[in-house]
């Protein structure tokens, strides 16, 4: 059994969770139908009335929302309350088109921070912990979410924001941080920097890390756990649904419990929109059950994953989602083959490389080309050209086996690929330039 | 009596070599010998310098590697190199790469990267071949 922030709800029997969902959904559907014209129009088009939604199972009658809807309705079209009731906005980086601006009432902020508090307690956090938050603060949800959660738990919160790694390390060592929250790529970078400064993993006081906001693999988890001497936990969320904390990992580290009293999850077939049974792989769809200002219903996340209700040893009863296996919009189609950056990362870690890489896709003579720049680890450096060429060849072979197409692998100098302190820029697709 | 060679990983891009050499010059380090192994994507700059540790520090630890190599003084006559290579052959020592240099103080010399430095040194000294040692640099 584990530690809970809100044990009565986190370990509630299944029937009680369903009862909460039924009640909240009925209320929410009225709220949205009355206050969000954009969604009311979608419901009217589909011929669905609030009265048709009586239980959570009726949710499948409702229309989906997509990123395109968010663009169309930007900025106020999906707002569910008066602006005077809103206290905050957060926003996405806007890398895939127009920014998403999400609105929050104080109630929305509280429920979001509670979700983050559950995540912190689940990794062993108490009011005796020192929680170093090195997600970006500002419009990005990472910093504010974990910061709020850390306050709720009563941790001593270090609002570091991202970047300035020397300062991060200085505070970590001087103030004895026990929990660290950041993107997994930044955690890996901090691990490397600690080693460079001559610190061993046991020299820091960290016990756990909460890492999210970008895809990472099991291999990357192992490497971070080793370099920082911690247990590394996943956290999931998106600005559209509030931010990190929609789901989080417990001590089992086998998937993330979705906070089902606030967010209802479905898995659908991305092509047909049909709801798939538990255990099947498909696109994750979220309904915010009690958010006021930005109450998205049936929002299609584009994340591909699996849900399971298998009993968890931590005692939580909330459904678990797998780590997203890829995003439908992350997927690269190269020479007709589907390639996910996470596959490339898996090969690199298996072959003993750092997960610092950049994928460059281009089109030459009407054929797609795939080039992968990979950083050489300092200990892999050789004075012989043949050694390094052999390493490139071996990597190309391993990549071909995993991906089904052959990339060109280029080893580059250690630390020469620019580290982003928020989300890593992993893919450069130059094909668009030619279209 | 092997000497230290510094290998520096450089991307195969314009300006990388001059940047590295400039860094070394600005640190007041003398380059005694130099060669480049090149490939599609990268070059490996191999250097014998007056202060290996300092050069490593200014170029950046992560892109450098030090290797033991043997530097043999060459008499200026036909067949001098053949003699040395014959010694290696007899001792079954494989030469990975080598490069030659001359200087006013040291005369002509050839740097050898071999697969077995200890044996190479031993057999060369047995044959009375003159080696360049750390203090010469």
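Nothing in this text is a laboratory measurement; each read-out follows from the coordinates by a stated rule. None of the values given here were measured: they were computed from a predicted structure. Cβ placement follows ideal geometry from the backbone for every residue including glycine, while neighbour counts extend to all protein chains displayed.
At-a-glance table
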item	result
At 1.567 mPa s and 4 °C, Stokes D of region B:69-136 from Kirkwood alpha-carbon radius, µm² per second	107
Region A:350-375 residues near the modelled residue B:13 label - backbone nitrogen below 20 Å, point 7 Å along Cα→Cβ	A:354-363, A:370-375
Principal-axis tilt of helix B:16-26 within chain B, Cα atoms, nearest 10 degrees	80
Dmax and Rg, reported as Rg then Dmax, of region A:1-91 (C-alpha, Å)	16.2, 48
Theoretical ellipticity at 222 nm over the protein assembly as shown - DSSP helices of four or more residues, -39500 (n - 2.57) apiece, nearest 500	-9500 deg cm²/dmol
Principal-axis tilt of helix A:165-175 within chain A, Cα atoms, nearest 10 degrees	70
Folded to 0 to 90 degrees: helix A:218-228 orientation relative to chain A principal axis, Cα	70
Point-to-point label distance, residue B:73-residue A:325, nm (Cα→Cβ direction, 7 Å offset)	7.0
Computed over region A:1-327, Cα set: Rg, Dmax in Å	19.5, 65
Cα-based Rg of region B:3-67 normalised by 2.2 N^0.38 Å, two decimals	1.00
For residues of A:382-393, the mean tally of beta carbons on other chains within 10 Å	5
Chain A: relative contact order as a whole-number percent, Cα under 8 Å and 6+ apart	14
Choice from A:161, A:227, A:386 showing the highest fluctuation, given a GNM over chain A with Cα pairs closer than 10 Å	A:386
Per-residue average of Cβ from other chains inside 10 Å of A:405-412	2
GNM result for chain A, Cα springs below 10 Å: residue of A:224, A:334, A:344 fluctuating most strongly	A:334
Semi-axes of the equivalent ellipsoid for the protein assembly as shown, Cα gyration tensor, largest first, Å	59, 25, 20
